[in-house]
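Asks: Dropping the structure in here first, questions after.
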Amino acid sequence: MGDTFLTLRTLHMTCAGLAIAGFVLRWIWMLTGSRLLHTRPAKVLPHIIDTLLLLSAIGLVAIIGFFANAAWLGAKIAGLAVYVVLGTLALKRGRTKGARAVYGVLAIVVFAYIASVAHSHDPLGFLRAWV
């Protein structure tokens, strides 16, 4: 179990890092009007990375159990839903570039919250400092 857990955790953390780096890069490309945003790798790689991120998360939950960790895992899942909505608004659905810029910043903050919840196993993550 130990080796499998460490492997999945490493894969999960690597994919999370790649996912946020890819999001930020695509967000910058969108804001600057770069043609790179419309290339095949920019369209395909995020799906591959996100799929590996999700599969590794499922594997980790299978090992550690959901119910014993429901509070912080639930917070991560809720944060993920918010991040996906904000990310979509930042890259495609925001009406103006200004709105997309704001949504992008908010998506990055929510991603940081999710990472802090994962690190601390506390549903409040970095928000704990203000409570």
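The values are calculated or read from the model by the stated rules, or taken from the named source; none is laboratory data. Every value quoted in this text rests on a predicted model; they were computed, and no experiment measured them. All Cβ positions, even for glycine, are placed from backbone atoms using ideal geometry, and neighbour counts span all protein chains on display.
Asks: Would you pick out the residues in segment 83-92 that are surrounded by fewer than 17 Cβ atoms within 10 Å (Cβ to Cβ) and either in contact with a Leu (Cβ under 9 Å, 6 or more places away or on another chain) or hydroxyl-bearing (Ser, Thr, Tyr) (or both)?
Replies: Thr88
Table: residues versus (1) surrounded by fewer than 16 Cβ atoms within 10 Å (Cβ to Cβ); (2) without any contact (Cβ under 8 Å) to a residue 24 or more places away in the chain; (3) under 20 Å from Val105 (Cα atoms).
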site	(1), (2), (3)
Asp3	yes, yes, no
Gly33	yes, yes, yes
Arg40	yes, yes, no
Lys43	yes, yes, no
Pro46	no, no, yes
Leu53	no, no, no
Ile63	yes, no, no
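Asks: Right, next: Can you tell me which condition Asp122 does not meet? The list is (1) modelled with pLDDT of 95 or more; (2) within 23 Å of Arg9 (Cβ to Cβ); (3) assigned to a helix (DSSP H, G or I), and all the others hold.
Replies: Only one criterion is unmet by Asp122, namely (3).
Asks: Would you pick out the residues in segment 93-107 that are crowded, with 18+ Cβ neighbours inside 10 Å and not aromatic (Phe, Trp, Tyr)?
Replies: Of everything in segment 93-107, those that are crowded, with 18+ Cβ neighbours inside 10 Å and not aromatic (Phe, Trp, Tyr) turn out to be Gly94, Arg100, Gly104, Ala107.
Asks: Here's another thing I want to ask about it. Looking at segment 17-54 only, could you name the residues that are acidic (Asp, Glu) and not in a helix (DSSP H, G or I)?
Replies: Matches in segment 17-54: none.
Asks: Now, a different point. On the phi < 0 side of the Ramachandran plot, without any contact (Cβ under 8 Å) to a residue 40 or more places away in the chain and of a type outside the set (D, E, K, R): is that true of His12 in this structure?
Replies: no
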